Amino acid sequence: MNLFSPAQIAENYVSIGKSKVNTAIPKMFLLAVMAGVFIALGGVGATTAAVGVQPAAIGKLLGACIFPGGLTMVLLAGSELFTGNCLLTVPLLSGEVTLPGVLRNWIVVYLGNFAGGLLVAAGAVYSHQLRLFGNGMAVSVISTAAGKCTMSFSDALIRGVFCNFLVCIAVWISFAAKDAAGKVIGLFFPIMIFVLCGFEHSVANMYYIGAGLMARTVPEYLDAALAAGLNPDVINLGNFLFANLLPVTIGNVLGGGVCVGGVYWLAYLRKAD
C-alpha cells in the first residue's frame, strides 16, 4: 500500500489546517453539525450492539468495534470535528495560522458538534429507539450518562488526554493512506482502543449525556432506570457541563493538540536555529 510518510503527513496537515481555519463560519458550523451527528450515531450503534451481551466485557468489545464507524463518516463524508481539529496546533506552531483563527475554529466547531450530538440524542430518545430490549437501551443510556456525570475532575481530564491522543493518532494514520480502505483500516484500532478502555471524548459525551438528560423526561425510561437501581438525579446540566465536558475538553486539547500535534511538529517541522 502506497502511504505518505509521517513527515509528509505533517507537511500536508499544515495546508489542511490552513483551509480549516479559513473556512467561512456558516460552512464551518454546518460541517461541525454533521460531525456531531456522525459521532453520535456511532455512539447509538455502539450502545445498541452492546446492550444485553454477557459477559459485559464482550459487549464492550463489540461496541468498541462499532464506534469507529462514526469517525469513518467524519473523515470520508466531509465534516469538522473538534477533537480532530486539536491538530491545528501543527499549522499554528508553524506560523501558518493565527491563534485567534484556531480559537475561532475550535469554538464554532465545538458548538456545531454539540448541536449535532443533541439532535441525534433527541431523535433516539423521542423516537423511542431506547425501548429496544425491553427498555434495556434506556437503562444503558441513563447508566452511561450517570457514570460520566459522577466522575472526578482529575479522572475525566486524564481520560480525556488519553482519548484524544488516540483519536488524533487515528486521524494522523488516516492521512497516511491514499485510498478510502486504507483510511478506514488506519483509524479503526486507535478508536476501538479508546472506546474499549473507557476514555473520555467530549463530542461523544455531548450525545451520551445529552441522551441521558432527555431520557429522564420519559416516564417509562425513568421507571426502568430506577428499577435497575440507578440514580438519574446525578444527570443534570451542571454535572454535564462542569463535571464532565469541562475537564474532558481540556484533556482532549492536551492529548490531541500537545501530545500529538505539538510532538509531531517538533519532530518533523520545527526549523533548526
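The values are calculated or read from the model by the stated rules, or taken from the named source; none is laboratory data. The model shown is predicted, which means the values in this text are computed figures rather than measured ones. Using ideal geometry, Cβ is built from the backbone for each residue, glycine included, and neighbour counts are taken over all protein chains shown. What goes into the accessible areas is simple: the full protein's heavy atoms, side chains included, and nothing from ligands, DNA or RNA. Shrake-Rupley method; radii C 1.70, N 1.55, O 1.52, S 1.80 Å.
Miscellaneous remarks
- Label-to-label distance, nm, for residues given as residue 54 and residue 233 (7 Å Cα→Cβ offset): 3.1 nm
- Distance (nanometres) between label positions extended 7 Å along Cα→Cβ at residue 131 and residue 76: 3.3 nm
- Accessible area expressed per residue, the chain, with surrounding protein chains retained (probe 1.4 Å, Å²): 42 Å²
- Value of Rg to Rh for the range 57-189 (Rh from inverse mean 1/r over Cα pairs, i.e. Kirkwood): 1.00
- Accessible carbon and sulfur surface of the range 66-120 relative to its total accessible area, %, 1.4 Å: 75 percent
- Loop-located trypsin sites (Lys or Arg not before Pro) in the range 180-273, at most 16 other Cβ atoms within 10 Å (DSSP): 270, 271
- A simple spin-label model places the labels of residue 25 and residue 179 4.2 nm from each other, with each point 7 Å out along Cα-to-Cβ.
- J(HN,Hα) series, the range 240-248, from Karplus relation 6.51 cos²θ - 1.76 cosθ + 1.60, nearest Hz, glycine and proline x: 4, 7, 9, 7, 10, 4, 4, x, 5
- Per principal axis, descending, Cα span of the range 7-104 in whole Å: 52, 32, 21
- Dividing the Cα radius of gyration of the chain by 2.2 N^0.38 Å, with N the residue count, gives 1.00.
- Maximal additional length on extending the residue 263-residue 107 stretch stands at 53.8 nm, based on 0.36 nm per residue less the C-alpha distance.
- The calculated P(r) of the range 114-169, using every Cα pair and 5 Å bins from 0, goes 4, 16, 15, 19, 20, 15, 10, 1 in percent.
- Shape summary: the range 134-212 maps onto an equivalent ellipsoid whose semi-axes, from the alpha-carbon gyration tensor, are 27, 16, 9 Å in decreasing order.
- Under conditions of 25 °C and 0.890 mPa s, the range 150-273 yields 151 µm² s⁻¹ as its translational diffusion coefficient, taking Rh as the Kirkwood radius over Cα pairs in the Stokes-Einstein equation.
- Peptides 161-171, 91-101 ordered by average Cβ neighbours within 10 Å, highest first: 161-171, 91-101
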